[in-house]
Amino acid sequence: MLMRTDPFREMDRIVQQLSGTSGTWTRPSTMPMDAYREGEEYVIALDLPGVAKDAIDIDVERNMLTVKAERRPVTKADDVQMELSERPLGVFSRQLVLADTLDTERITADYDAGVLTLRIPIAERAKPRKIAIGGTTEHPQISG
């Protein structure tokens, strides 16, 4: 139901982790994600610890879902001297191609404890259904 759009994105993520670079608007970092089916909907959980709710942008156009977020530096008083800074800052982004069987009109989003959870219902047209067989009709007999 979901497809990653960039096969080299994972390699970029590993290089960014090893080099300690942060994402920018032109080259955002990727965010860790889980995706699974739960009953009649798909659930996507994205890790965004330390990101303010108003710094998250979610868009869907046709079947392309895009999530962008920015972890901004915390403002410090003038007399603060940073001793260690390991938490990545910058822009994070993830794009997913959603299957036509998902209802992109009814996506919901919740953000709690640094995890953005998107719920995408299965479209009614994609759910299994029974087909009723109509009444019997007689076919004309061919006489020879």
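Summing +1 for each Lys or Arg and -1 for each Asp or Glu, what net charge is found among the other residues whose Cβ lies under 10 Å from the Cβ of Thr117? Around Thr117, the charge tally is -2. A crude spin-label estimate for the pair Ala52 and Ala99, with each label 7 Å from Cα along the Cβ direction, gives 3.9 nm.
Using the Cβ-Cβ distance between Arg129 and Glu86 with R0 = 30 Å, the FRET efficiency computed as 1/(1 + (r/R0)^6) comes to roughly 0.05.
In the context of the full set of protein chains, the stretch 62-133 has a per residue accessible area of 72 Å² (1.4 Å probe).
Going highest first, how would you order 115-123, 82-90 by mean Cβ packing within 10 Å?
115-123, 82-90
By a 1.4 Å probe calculation restricted to protein chains, Met64 has an accessible surface near 60 Å², given to the nearest 10. Remark on Met64: its backbone amide H falls under 5 Å from those of Leu98, a criterion applied only to residues 5 or more positions apart or on other chains, H modelled at 1.01 Å from N.
The values are calculated or read from the model by the stated rules, or taken from the named source; none is laboratory data. It should be emphasised that the depicted structure is a prediction, and the values quoted were computed from it without experimental measurement. Neighbour counts are summed over all protein chains in view; Cβ atoms, including those assigned to glycine, are modelled from backbone coordinates with ideal geometry. Heads up: the accessible areas ignore ligands, DNA and RNA and are worked out on the full protein's heavy atoms, side chains in. Shrake-Rupley method; radii C 1.70, N 1.55, O 1.52, S 1.80 Å.
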